[in-house]
Every structure is written in C-alpha cells, then in structure tokens.
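**Student:** The structure that follows is given in the form of structure tokens.
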Amino acid sequence: MTFTLTLSGADLLLLLPEMLLTVWLCVVLTMDFAMPRLPKDRLAYLSVAGLAGVLANLVWFDLAGIGGTLFAHMFVVDRLAVFFKIFIVGTTILVILASVDYVRRFRFFKGEYYFLVLMSALGMMFMASANDLLSVFITLEFSTFGFYVLVAYLRDDVASNEAGLKFFILGVFAAGLLAYGISLVYGETGKLVFSDIASPSATPGLVIGFLLIFAALGFKIGAVPFHSWIPDTYHGAPTPVTAFLSIAPKGAAFAILIRMFFVSLAAFKPAWVLLLVGASILSMTYGNIVAIAQRNIKRLLAYSGIAQIGNILIGLAAGTKMGGDAILFYLLTYLFANLGAFAIVIAVGNLIRSDEIEDYNGLNRRSPFLAFAMLVFLLSLAGVPPLAGFIGKLYIFLAAIDEGLYTLIAVGLINIVISMYYYLVVVKKMYINEPTDPSPLTISPPMKVVVYAGLAGTLFLGIYPQPAINWVVAATLMFSNLAGPAAAAPTLVLPIGG
Amino acid sequence: MVPLSYYVILSVIVFVTGVVGVLIRRNIIIILLSVELMLNATNINFVAYSYYFQNITGQVFVFFALTVAAAEVAVGLAIIIALYRSKSSINVDEFQLLKW
Amino acid sequence: MSNEAVPLNYVPILVFLVVAVGFGLVTLLAGRVLRPSRPYKAKLKAYESGSPLFSDARLQFPIRYYIIAMLFVIFDVEIVFMFPWAVEFRKLGLLGLLEMGFFIGILLVGFWYAWKKGALEWD
C-alpha cells in the first residue's frame, strides 16, 4: 500500500482555517523577534485579529455546510469539527484578551507567550478534526507541548516551575499510554480510522488498547481517577494559562471522545456506559467534596472543574445523539461561566497580587461590577435557574433520563447541592464580609471585554437558549442513527476477556 | 521468521519497564528516559504489526512517534533546566511546594 | 543456485570472523602473559599528553551546550520526514515538493527565531 498524494483546491479549502492560523502564528513570532521595539500588547491584538479571521472562516464553513475528509480520512471537517473549532478559537480570543495585563508582569519572553497560545489553539483545532488514532496522537501532543511551556512560564516562580514539571511528567506518561493503546488497537484491527476500527468482537488487545486510550484522554480532561495533576497545575500556572487549560483542551478532548465512543465503539455501548458512569460519579463527588476545603480560588475552581467534567461525562455516558447535544451545549455554558470566573480571578490577582479566597472579602465594596460578575459566573457554574449553567445541567440530565441512568442523575443532583455550598461561601465573602483594604479596584478595557462577553454568554444561553440548541443539534446530526436503549442489545462481550 | 508474538512480548516487557520506571524512580531524567521506553515499546509494536499486516500505516505512526518523542525531550529538558536553576536538584521529591 | 547452497556462501565470512576474533584474543592474552607487570602510581594515572591532570573530566558544561543539543535534537529529527519524501520524490511530484517547501519553511521560521535570539552564538 502506498499513499498517493492528491490535493485539489477544494481539499485545501477544508484546511483553510488551519493554514490561516499557521501562517498567522509564524507572522506573530517573526514580528516579535524581528521588531524588538514593538509593544507586546500589539502582538496580542494582532493575534486576536488573526483569530477573528479564522473564526469568520469557520462561521462561513458552518453556515455553508462545507465538509469532507482529507489525507486518507485522517482529517475530517464536519459540523461537529466546526463546532469545536469555533469553541476553541472563541476561547483563545477571550484568553488572549484576558492575558494582556498579566503578560506585562513577565520579565522575559512576552511575545512568545502569544505565539505559544496560538500554537496550542492550532493543535486543538486539529484535535477537533482528528478522525483516526494517528491524528489523535499527533494533535494531542502538538496542543500539549505549548501548554507544557506555558504552565512553567514564570521562570522565577518556583510554584510555576513545579506545576510545569508535574504537568509535564503526567502529560508525557499519558502520551506513552495513549501511544501504546493505539498500537494495541492497530494490532487487533490493522486500521486506525475511527469508522474502520469498529470491530465486532472485543478481543483482549482491543479492550486493553481502548482502556489505555481512555486513560490518556481522561488525563487530558482531568476525570477522576486521572485528575492528580489538575489542582497543582492550575494553582501554579499563570492564571490566564489556567483559564485556557481549564476550557479549550477539555472541549478538544471531548471532540475526540465523542467520535471514539459514538463511532468506533458504538457496538460496545453497554460495556462502556458502566465505565463512564463510574468515572462521572467519581469526578463529580470527589471534585465537589474536596473543593469545600480549598482556601485558594484557583484550587477551588480546579476542583469545581473536575466536578464539571463529571457532569459532562453524564452526557457521554448517555451515549445518544441527545447526549452529544447536551455535551456540546454544556461546554458552551462552561466556557462562558468558567472563563468569566477566571477573568475575575486574573483581574483581582493583577490588582491585589493574591488568589486567596480570604482576599475576596468585601469585593462588592471595592468593585461592585467585579463582584456581581463573579456572582453570576459562580451561580451559573452551580446551575441556578435563569443562567446558562441551569439549562446545561437540565439538558444533560434529560439526556440521561432518556437512557434510564437514574443513579447517575441522583448523584448529580446531590452534587449540585454540595457545589452550591462552596460557591456560596465565596459569594458570602464577597458580599457580606468586610474588606481588609477598602480601596476601590478598577479593571482594564480588554479585561472588561472578556467579563462582558462572559456575562452576555451566560445570560443569553440561560434566558434564550434556542439558537444555541439548534446549533448543537445540527452539529451532531451524524449521530442521529445511534442505537437507542431498545436497539442496544448486540452480542455483548464482557469488557474483560473475549 | 520470528513469530509476531515474540515482538509483542518484547514490547510488553519494554513498556512495563517504562511504566514501572516512571512510577518508582525519583530522578526526572530517569523518568523521561522511562517515558521514551514506553514510546519505543509502541514503535516495536507498530513495526511488527505493520510487517504482519503488510500495511504501511504502522510505520507512518513510528515516524511521528519519533518526532513526538524528540519534541518531548526538548521541552522536558528545558523545564528541567529551569527547575535546576531555581532548586539545584532534579529529584521529584524535592518539589513539594504544591501538594502532589 | 539452490536454496541449500545459500548458507555455504557465508562460510568464508564465518571463517573470517572466527579468525579475526581469535587473532585479537590470542594477541591480547599473549601480551598479558608475557609482559612484566610493575605498576606504580604515576604510571596508573590517565595519560594526558604528559602533562599532570588538573581536574575531573566530568565537569559541568555551560548551559549553552544544552541549548545547542536541544536544537540539534529538534532539527535532526526532521530529517526522518525527508527520507521517505526523497525516496518517493518522483511519485509525489510537484505537490510533494511544495509540501516539503511548506514544511521546511515552517522549520526555517523556528531556526530564524533561534538565530535571532542568540541561541547559536557560542560566547
């Protein structure tokens, strides 16, 4: 077998967003070192301009319904891929805007920061299009390399170095597991494309292979029991990087998980539902319970993030088209609420140089706008009715009810109550406690843009979710033939052995 | 001809050596080497299967795995050097500022 | 030529190997048995062109050394992608050439960056 390289203009069109971004990040890097006296803020706005172009391109793809596959089905452009690319590019734009103030604090390598953020975004865009295990491996690594450097970016800060080290060790370990899992799957099927490896019987090699791949992706999304890097990495990393890390890679990894479970493993649904239900229950419960004891807001958001991932896994466990819709919608609500919350943490951290929850005492007196925005974001994360998080949780639970996963829903509901507690502790500190230093706080224009975007998204998705729902329903149309509970009774081979 | 199973057994041994190395060794350089072992086990598997299936895909994977491994080493060494500058040690146990 | 004959062609090589290894072993062993052995301290020291030793060879290298090594690792591995391309050069044609040009172009941006940042200056 030989690879024939044939590319037409129409094929290259599918790659256009990625090519644009590739050229653009080369431009950003070149401008950084070729024009040393250029103010680094300009690079941020230059990056945002490039990303806006890519975003416009993606929206055009979505509206025009452009799609297809490239490179022997390694790279796919469909509505799902375009959804995740828009998700990633949107996140990246907001993260870059939220970084501008923070980057001024760096002593070295200010320009390269934007380059690395763009590079990770490019890697994640490819992840969203990954349609076989080879591209999963490359794109996952590609996106993570940027993050390894970004997490350890504060060279003089021991915590950042240490966070980078832990992230790196566990990340490359996960990469090793992923690669070995892929090699086992290849050994059983001789193929790598997702739709080709849908094997009729579960041989031991296939089971171990997919478990290893799931473990590696579990590391990526930070689901319990693969969560151990999350709190430390989130704590030590520069806060904008934490915000980026807590949202965009999760979305990209879910793109891969959805394709893997819904396409390759559709026949084994009864077996993997148990696996996902277990991971979901553990993530929700562990994340929420440990979050209660946190005194640092970044660690609190890290554990709450683990719990949110548990919620999203409910949708994956449902394993239906509606579950897929719910995952996509939930990710959107999570994007706005979590990014907004991190934007407040960045803004407050820039002003008072502290991330301790104690220092949020009386935030309402110091900046009513920041306190109100934080209130909205935390309540949305908790799932309070008029906000986006409520619709997201409702959607996920409805998808699970259709599949009869009642235990999972019960655990999910209990967890909402637990999470309400620690979110409200922060709210109480902001609104009721007295500030130790009552000087007012002001935030910069780019940061304001991010906070307003978060508020707008959170309120809009909560009050008028219909357009977004239509969008996610259209994005997962290809899964509409997924087996429902009645049809899902194939020859069940137990997950172990075969 | 050497049967396929020999290669698979070899790769399992190499892979398990790598995993155990990552889990029990405390020196970061050794941990990095162990991860390389894991990736090399993957490469053995891929080349063996690729030959067995007479299918080039596995060899293509090896090319990319090599590149990924090199990039990992480059990034990893850079992080280690940065750490060594601030701590004068490359023992994982020394890094306890944040709880594991 | 029948299949059974093939191993016979290798017999001279085998003989050569045995002779070569045997010659090496015999001469070394003979030297050890015959020569007088009278070691003393100065004789056991490592020989460094006759001058006395002044430090251990396992000294710390400057950090620059690692940067060069890292650059080497990164750019060295790219060759791996050029070999298959070179082998199939005719088949891949103009499109392959353009792809490789794009690939090398991206690498060159990285190289240019390293150069500009002074990673290639030796002192």
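**Student:** Report the Cα-based extents of the range C:63-116 along its three principal axes, largest first, to the nearest Å.
**Tutor:** 44, 19, 7
**Student:** Then there is this: Could you give the dipole magnitude of chain B about its Cα centre, charging the beta-carbon of Lys and Arg +1 and that of Asp and Glu -1, in debye to the nearest 20?
**Tutor:** 240 debye
**Student:** Same structure again: Based only on other Cβ atoms within 10 Å, what is the fewest-to-most ordering of A:32, A:355?
**Tutor:** A:355, A:32
**Student:** Something else about it: In whole Å, what are the Cα extents of chain A along the three principal axes, biggest one first?
**Tutor:** So the three principal-axis extents are 67, 55, 42 Å.
**Student:** Shifting gears a bit: Can you tell which of B:44, B:80, B:29 shows the greatest fluctuation in a Gaussian network model of chain B with Cα springs below 10 Å?
**Tutor:** B:80
**Student:** Under the Karplus relation 6.51 cos²θ - 1.76 cosθ + 1.60, θ = phi - 60°, what is the ordered set of whole-Hz ³J(HN,Hα) values for the range A:359-365, x standing for Gly and Pro?
**Tutor:** Whole-Hz 3J(HN,Hα) from phi for the range A:359-365: 6, 8, 3, x, 4, 4, 6.
**Student:** Separate question: Using DSSP to define loop residues, name the trypsin sites (Lys or Arg not before Pro) in the range A:65-161 whose beta-carbon has at most 13 other beta-carbon atoms within 10 Å.
**Tutor:** Answer by residue number: A:104, A:105, A:107.
**Student:** Ordered by residue, what ³J(HN,Hα) values in Hz, to whole numbers, does the range B:48-62 give under the Karplus form 6.51 cos²θ - 1.76 cosθ + 1.60, where θ = phi - 60° and Gly and Pro are x?
**Tutor:** Along the range B:48-62, the couplings run 4, 5, 4, 5, 5, 7, 6, 9, 6, 3, x, 5, 4, 4, 4 Hz.
**Student:** Continuing with the same structure: Counting helices only, and only those DSSP H runs with n ≥ 4, report the 222 nm mean residue ellipticity of chain B as the sum of -39,500 (n - 2.57) divided by its residues, in deg cm²/dmol to the nearest 500.
**Tutor:** That calculation yields -28000 deg cm²/dmol at 222 nm.
**Student:** Still on this model: Could you size up the charge dipole of the range C:63-116 around its Cα centre, putting +1 on the beta carbon of Lys and Arg and -1 on that of Asp and Glu, and report it in debye to the nearest 20?
**Tutor:** Dipole about the Cα centre, nearest 20: 120 debye.
**Student:** Another question, then. Over all alpha-carbon pairs in the range A:268-483, figure out the percentage whose distance exceeds 33 Å.
**Tutor:** Here the tail beyond 33 Å accounts for 18 percent of pairs.
**Student:** Helix-only mean residue ellipticity at 222 nm, chain A, DSSP H runs n ≥ 4 weighted -39,500 (n - 2.57), per residue, nearest 500. What is it?
**Tutor:** Mean residue ellipticity at 222 nm (helix-derived): -24500 deg cm²/dmol.
**Student:** For residue C:109 and residue C:32, FRET efficiency with R0 = 41 Å and r from the beta-carbon atoms, rounded to 0.05?
**Tutor:** In this case the efficiency is close to 0.10.
**Student:** Once amide H atoms are built 1.01 Å from N in the peptide plane, which residues 5 or more positions from residue A:193, or in another chain, come under 5 Å H to H?
**Tutor:** Residues meeting the criterion, in which the H sits 1.01 Å from N, are A:133.
**Student:** Which one of A:290, A:206, A:249 has its Cα pushed farthest toward the positive end of the charge dipole of the range A:180-299, where Lys and Arg give +1 and Asp and Glu give -1 at the Cβ?
**Tutor:** The residue sitting most towards the positive pole is A:290.
**Student:** Run the quick spin-label model on residue C:68 and residue C:94: label points 7 Å from Cα toward the beta carbon, then report their separation in nm to one decimal.
**Tutor:** 4.3 nm
**Student:** Go ahead and run the numbers for FRET between residue B:16 and residue A:16, Cβ-Cβ distance against an R0 of 30 Å, rounding to 0.05.
**Tutor:** 0.10
**Student:** Roughly speaking, what is the stretch gain from residue C:122 to residue C:18, that is 0.36 nm per residue apart minus the C-alpha to C-alpha distance, in nm to one decimal?
**Tutor:** Stretched out fully, the residue C:122 to residue C:18 stretch lengthens by 32.6 nm.
**Student:** Work out the length of the dipole vector of the protein assembly as shown about its Cα centre, built from +1 on the beta-carbon of each Lys and Arg and -1 on the beta-carbon of each Asp and Glu, and round it to the nearest 20 debye.
**Tutor:** Taking the Cα centre of the protein assembly as shown as origin, the dipole is about 1500 debye.
**Student:** Right, next: Distance between Cα centroids, the range A:181-229 to the range A:389-418: provide it in whole Å.
**Tutor:** Using only Cα atoms, the two centres lie 27 Å from each other.
**Student:** Taking N as the number of residues in the range A:306-402, what value does Rg over Cα atoms divided by 2.2 N^0.38 Å take?
**Tutor:** The value comes to 1.25.
**Student:** Taking a ≥ b ≥ c as the square roots of the Cα gyration tensor eigenvalues, with a/c under 1.5 meaning rounded and otherwise prolate when a/b beats b/c, else oblate, which class fits the range B:4-94?
**Tutor:** Verdict is oblate for the range B:4-94.
**Student:** Fewest to most neighbouring Cβ within 10 Å: what's the order for A:407, A:92, A:22?
**Tutor:** Ranked by crowding around the Cβ, least crowded first: A:407, A:22, A:92.
**Student:** Just the number, please: Stokes-Einstein D of the range A:158-259 in µm²/s, Kirkwood Rh from C-alpha pairs, 20 °C, 1.002 mPa s.
**Tutor:** This corresponds to a translational diffusion coefficient of 146 µm²/s.
**Student:** Only counting other Cβ atoms within 10 Å, I'd like A:129, A:380 sorted with the fewest neighbours first.
**Tutor:** Ranked by crowding around the Cβ, least crowded first: A:129, A:380.
**Student:** Give A:393/A:428; A:250/A:393; A:191/C:91; A:269/A:321; A:220/A:321 a once-over and call out the pairs whose C-alpha atoms are over 20 Å from each other.
**Tutor:** In this structure, A:393/A:428; A:191/C:91; A:220/A:321 exceed 20 Å between Cα atoms.
We did not get these values from a lab; they are worked out from the coordinates using the rules stated. Here the structure is a predicted model, which means the values were calculated and not measured. Please note: Cβ atoms are built from the backbone with ideal geometry, for glycine as well, and neighbour counts cover all protein chains shown.
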